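First comes the structure, then the notes that go with it.
Just so it is clear, none of the values below were taken in a lab; they were calculated from the coordinates. Just so you know, these numbers come straight off a predicted model, no measurement behind them. When we count neighbours, we look across all protein chains shown, and the Cβ atoms used for this are built from the backbone with ideal geometry, even at glycine.
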Amino acid sequence: MTRNRHPRTKRIVTAVLGGLFAATLITSCTATTPGGGGGGGESAQDTLKKAVDNGYLRVAIANEPPYTQVNSDGTVTGAEPDVLRAVLKTMGIDDIEGVTTPYESMIPGLDANRWDVVAAGLFMKESRCAAVAYSEPVIVSTESFGVPTGNPNNITTIQDVIDNPDLKIAVLTGGFEEGILKTAKVPSTQQVLVKDARSGVEAIGAKRADAFLLPTLSLKDLAEAGGAVEVTEPIEDAPRTGSGAAFRKGDTKLLKAYNEALADFKETPEFGEILEKWGFDPTAVEGVTAAELCKNAG
Ligand code: 6CS
């Protein structure tokens, strides 16, 4: 896999890596699909220094607007990468290089040094907070159900799912929402596991699921893009979803520097401008801490 390190140069190189992944490698500020990735775990102090020396940090994303988005030219954007990029610039790290991957692979890939940070709206909860070092939160958002027009089963809460064992709910494999159902003791027989957001919408259309549990803004983006789903109001009995950058546990120097720079960035108008551009309420995160969000069960 060849990688062009020249920032701002966008060159698309397609490579097949390891026989398992077809990777479209597009240079910095852009997205690739994971392939071989870096070497073994690097020492904690190297990641920050490496990022400053190299001028970029490798970031795992999911390509689920408005949290993360890969544009047609390969550039990486979305609320989380845009905040990450802006904060890193204040730290002397000019660019990010996005790697698209499913949510369930984000933490294993971080530990395997296939990327250096996750900025995808990977919502904080106990098990994840035990596995990675989250920055303070950037986004606090809500969950909704994507349902057929008219919401024929009147699904508006997690309790509705618990109360009707005939209901089938699509959730992303390894996603936060699968954890919500598991914590609520919704049996796996009621869960339809899908690999990505588009598949969740397709499950509704094919009547394989009665609802698709996903963040409110992601569902609205899918509906606006033509997905045949109606989006319910935010689910009142779903946990509060909050996310920020997720680093390796050992990257304490990088985490400390990032949190300091993030705190300063949150005081600038640019922070609110980025979140509002993507439809998020920047005031929702005010006063909310990672410690609080890490109390989310699961
Ligand atoms: O944190 C997660 O796992 C969830 N986050 C987003 C932004 N979308 C769905 C995913 O399951």
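Annotation: amide H-H contacts under 5 Å for residue 100 (H modelled 1.01 Å from N, sequence separation of 5 or more, or interchain): 32, 33, 61. Ordering 193, 57 by the number of other Cβ atoms within 10 Å of each residue's own Cβ, fewest first, gives 193, 57. Checking the cross-link pairs 168/220; 220/266; 125/207; 220/277; 50/89; 220/256 against a 24 Å limit on the alpha carbon distance flags 220/266; 125/207; 220/256 as lying beyond it.
Give me the Å³ per residue figure for the convex hull around the C-alpha atoms of the chain.
On the way: hull volume 37.7 nm³, N = 298.
It is 127 Å³ per residue.
The alpha carbon radius of gyration of region 143-231, expressed as a multiple of 2.2 N^0.38 Å, is 0.94. Within the same chain, aspartates and glutamates fewer than 8 places from residue 295 are excluded, and of the rest, those with a Cα less than 18 Å from its Cα are 126, 136, 143, 177, 178, 236, 237, 286.
Backbone N atoms of region 242-258 closer than 19 Å to the 7 Å Cα→Cβ label point of residue 90 belong to residues 243-247, 253-258.
Using the Cβ atoms and a cut-off under 11 Å, what net charge is assigned to the surroundings of residue 195, where Lys and Arg are +1 and Asp and Glu are -1? That sum, taken over residues with Cβ under 11 Å, equals -2.
Amide H contacts of residue 211 (H built 1.01 Å from N, in plane; Pro and chain starts excluded): 168, 170 sit under 5 Å, all sequence-distant by 5 or more or on other chains.
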